[in-house]
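K.L.:
Got a structure for you, questions after.
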Amino acid sequence: MELDEVTISRAITETFMKEFQEAMDIEAAIGGAGPAGMAAAYYLAKAGIKTVIFERSLRPGGGMPGGGMMFNTIVVQEEARGILDEFGVRTREYEKGYYTADSVEASSAICLKAIQAGAKIFNLISIEDVMIRKNDRITGLVLNWSAVNLAGLHVDPLSIRSKVVIDATGHASEICHIVVNKLGVKLMTEGGGILGERSMWAEIAERKIIENTREVYPGLIVAGMAANAVCGGPRMGPIFGGMLLSGKHAAEVAMKIIKKPAGS
Ligand code: 48F
C-alpha cells in the first residue's frame, strides 16, 4: 500500500475536530495537566464522568517531571504511596515513611492512566477566561491556542461548557485569578480573595492542601498547588503526595456537585 500524505492529514484533522467538539459540552473541565489535574481526571473518568483537561504546554506533567531542582526523582509519603501503586509506578523506601519514584515514570503513568480511564487531554490550549451565567456560577471555559497567546496575536477564542471546572493550574492559580479579576466576586476563602501561597513548610502544606481542595466559587474547585495558593497555604517543594491526594479529593468534590439535582 502506498502511503498518502493527504489521508494522514485528513485522519488527524477529522479525528481532532470530532474529539474537540465532544469536549464542548462536558461534566468536568480541568485546567492544567500537572499531577493534581491528571490525578483528578483519572478518578473522575474512572467513575464515568465526562472529563477533559486543557493544558497550555506541549507536554503534560506540569512540575512533576522536573523532580527537585532538575534531579528527576520525586518523594511521596506513606499516605499517597497507594495512589502511585494504583498507577503502576514503582516506589522505593528511602527511609521510614519516605518513598522515592522516578519523576518521568510517575508523570507518564498518571497521564496514561487518566487517558486510558477515559479522560481527554488537549495540550497546547490555554484557558484565557471563564464562561458565566448571571454572575453567580462558572459554566465553562474560554480557550485559545497557546501559540496565539505566545505570539500575542489578536484572535478570538472558543468556549466549552462544563458542569464543574477544576483549577489545577499550579502556583499561578490562573482560573481563580480570572474569576476574581474579571467577575469582581468574592471566593469562599477567608476574606473572599486569593490569599496567596506562603513559604516552604512541607508538613503543614501537605496537610492543608487536602482541606484547601474545595469549591471556592459555585462551579469552581481548586486542586493541587492552586488550592494552597488560593487559600493561603505554604508550598511543599518536591514531595508530591499532597498533589495526588488533592487530585483524588477534587474528583470526589466534583462528583458531588455533578450529581446534585439541578436547581438545588
Ligand atoms: O504546576 P503544576 O504541576 O500544578 P500541580 O498539579 O502540581 C504542583 C507541582 O508540580 C509543584 C509542587 C509540588 O509540590 O509544588 O509545583 O498543582 O501543573 C499546572 C499545569 O497547569 C498548566 C501548566 O502549564 C501546568 O502544566 N497551566 C497553567 N495555567 C494554564 C495552564 C492555563 N491558563 N491554561 C491551561 N493550562
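The values are calculated or read from the model by the stated rules, or taken from the named source; none is laboratory data. Nothing here was measured: the structure is a model prediction, and the numbers come from that model. Don't worry about glycine lacking a Cβ; one is built from the backbone with ideal geometry, like all the others, and counts go over all protein chains shown.
K.L.:
Taking the conditions exactly as written (crowded, with 21+ Cβ neighbours inside 10 Å, in contact with a helix residue (DSSP H, G or I) (Cβ under 6 Å, 6 or more places away or on another chain) and either without any contact (Cβ under 8 Å) to a residue 60 or more places away in the chain or among the polar types (S, T, N, Q) (or both)), does T189 satisfy them or not?
P.N.:
Details: crowded, with 21+ Cβ neighbours inside 10 Å: no; in contact with a helix residue (DSSP H, G or I) (Cβ under 6 Å, 6 or more places away or on another chain): yes; either without any contact (Cβ under 8 Å) to a residue 60 or more places away in the chain or among the polar types (S, T, N, Q) (or both): yes.
Here the answer is no, as T189 does not meet what is asked.
K.L.:
With the structure loaded, tell me whether M38 is in a helix (DSSP H, G or I) and either away from the ligand (no atom under 15 Å from the Cβ) or buried (at least 16 other Cβ atoms within 10 Å of the Cβ) (or both) or whether it fails that test. I'd like the intermediate steps shown before the answer.
P.N.:
Working: in a helix (DSSP H, G or I): yes; either away from the ligand (no atom under 15 Å from the Cβ) or buried (at least 16 other Cβ atoms within 10 Å of the Cβ) (or both): yes.
When the stated conditions are applied, M38 passes them.
K.L.:
Only one residue in E22, E79, E2 is at pLDDT 95 or above, within 16 Å of the ligand (Cβ to nearest atom) and of a type in the set (D, E, K, R). Which one? Reasoning before the result, please.
P.N.:
Values: E22 fails: within 16 Å of the ligand (Cβ to nearest atom); E2 fails: within 16 Å of the ligand (Cβ to nearest atom).
Going through E22, E79, E2 in turn, just one is at pLDDT 95 or above, within 16 Å of the ligand (Cβ to nearest atom) and of a type in the set (D, E, K, R): E79.
K.L.:
Does the stretch 108-125 contain at least one residue that is near the ligand (Cβ under 9 Å from one of its atoms), within 17 Å of I160 (Cβ to Cβ), in contact (Cβ under 8 Å) with a residue 12 or more places away in the chain and of a type in the set (V, I, T)?
P.N.:
Within the stretch 108-125, one or more residues are near the ligand (Cβ under 9 Å from one of its atoms), within 17 Å of I160 (Cβ to Cβ), in contact (Cβ under 8 Å) with a residue 12 or more places away in the chain and of a type in the set (V, I, T).
K.L.:
Working carefully through the options V230, V222, find the one that is more than 10 Å from the ligand (Cβ to nearest atom), crowded, with 17+ Cβ neighbours inside 10 Å and of a type outside the set (D, E, K, R).
P.N.:
None of the other options fit; the residue is V230.
K.L.:
So, one more: If T51 satisfies all but one of (1) in contact (Cβ under 8 Å) with a residue 60 or more places away in the chain; (2) closer than 20 Å to E206 by Cβ, what's the number of the condition it fails?
P.N.:
Result: T51 passes all but (2).
K.L.:
One residue is enough: does the stretch 124-132 have a residue meeting the conditions closer than 27 Å to Y42 by Cα, in contact with a strand residue (DSSP E or B) (Cβ under 9 Å, 6 or more places away or on another chain) and part of a helix (DSSP H, G or I)?
P.N.:
Checked against the condition, which is being closer than 27 Å to Y42 by Cα, in contact with a strand residue (DSSP E or B) (Cβ under 9 Å, 6 or more places away or on another chain) and part of a helix (DSSP H, G or I), the stretch 124-132 yields no hits at all.
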